[in-house]
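Peer 1: I have a structure here, written as structure tokens, and I will follow up with some questions on it.
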Amino acid sequence: MLLTDFLATAVVTLLVVVDPPGLGPIFLGVTPGMTAAQRRSVAWRAALIATGVLAFFALVGEPFLRLLGITAPAFRIAGGLLLFWIAFEMVFERRGEREANTAEIAITRDHISNVAAFPLAIPLMAGPGAITATMLLSAQTQGHVLLLAGLLAVIAFATLCCYLAFLAAEPIDRLLGVTGNVVLTRLLGIVLAALAVQFVVDGVRAAAA
């Protein structure tokens, strides 16, 4: 696989799954009453934690599959189906409701100083969908050091986008408005659905080969 093709797929997949613009309003909702400096601190810690979690699964994804006796094609098919379900939720506005409910429950149970770790980093940034996508992409590297290094760079880029989205949450929310946020979420969901189907097709072809 060409490095440029792999990086393009990885960037689109992770950005769509993590959905930095969609996390902006939730960031505002879980950091009420904080100063600008406190919000920057929370955003930075959340980005670091999410990067570490996703990098861990990128590095141990393939050995983990082998340990469980799961083939890469089987995991691609299962992961593609899971990503398709996430895309379905995005298109039909169920993902936003679930994430908002998760954030609301978490803020009542955890002290505000822990918001960066939960729910922002986990499960909103490095959630099941992002972890699955990372492991799928890791399996595609087939142990190639350059591709794996590229995947780690893409993970860092995706979480950096989240950090920037957190910092710009208030102006972005005002700029897009309700209609803009709805349209953006639907478009990202359609793109993710197409990527998910491609994962399933690749898995079926690999299994039949």
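The values are calculated or read from the model by the stated rules, or taken from the named source; none is laboratory data. Given the structure is predicted, the values throughout are model-derived calculations rather than measurements. Glycine gets a Cβ as well: all are built from the backbone with ideal geometry, and neighbour counts include every protein chain shown.
Peer 1: Does at least one position in segment 27-42 carry a residue that is touching a Pro at 6+ places or on another chain (Cβ under 9 Å) and either among the hydrophobic types (A, V, I, L, M, F, W, C) or assigned to a helix (DSSP H, G or I) (or both)? Steps first, please.
Peer 2: Restricting attention to segment 27-42, the residues satisfying the condition of being touching a Pro at 6+ places or on another chain (Cβ under 9 Å) are 30.
Then keep just the ones that are either among the hydrophobic types (A, V, I, L, M, F, W, C) or assigned to a helix (DSSP H, G or I) (or both); that gives 30.
For segment 27-42, residues touching a Pro at 6+ places or on another chain (Cβ under 9 Å) and either among the hydrophobic types (A, V, I, L, M, F, W, C) or assigned to a helix (DSSP H, G or I) (or both): present.
Peer 1: Scan segment 3-37 for residues that are surrounded by fewer than 18 Cβ atoms within 10 Å (Cβ to Cβ) and at pLDDT below 85 and report the count.
Peer 2: Counting residues in segment 3-37 that are surrounded by fewer than 18 Cβ atoms within 10 Å (Cβ to Cβ) and at pLDDT below 85 gives 8.
Peer 1: Being surrounded by fewer than 17 Cβ atoms within 10 Å (Cβ to Cβ) and outside any helix (DSSP H, G or I) is the filter; apply it to segment 94-140 and report the residue that is modelled with the highest pLDDT.
Peer 2: Across segment 94-140, the extreme among qualifying residues is Arg94.
Peer 1: Can you name every residue in segment 141-180 that is at pLDDT below 90, buried (at least 20 other Cβ atoms within 10 Å of the Cβ) and either within 11 Å of the chain's Cα centre (by Cα) or closer than 20 Å to Thr71 by Cα (or both)?
Peer 2: Thr141, the sole residue that qualifies.
Peer 1: Within segment 9-26, restricting attention to residues that are of a type outside the set (A, V, I, L, M, F, W, C) and assigned to a helix (DSSP H, G or I), which residue is farthest from Leu147 (Cα to Cα)? Full working, then the answer.
Peer 2: Initially, segment 9-26 is screened for residues of a type outside the set (A, V, I, L, M, F, W, C), giving 9, 13, 19-22, 24-25.
Adding the requirement that they be assigned to a helix (DSSP H, G or I) leaves 9, 13, 20-22, 24-25.
Working: Thr9: 12, Thr13: 15, Pro20: 24, Pro21: 27, Gly22: 28, Gly24: 30, Pro25: 33 Å.
Residue satisfying both the conditions and the ranking: Pro25.
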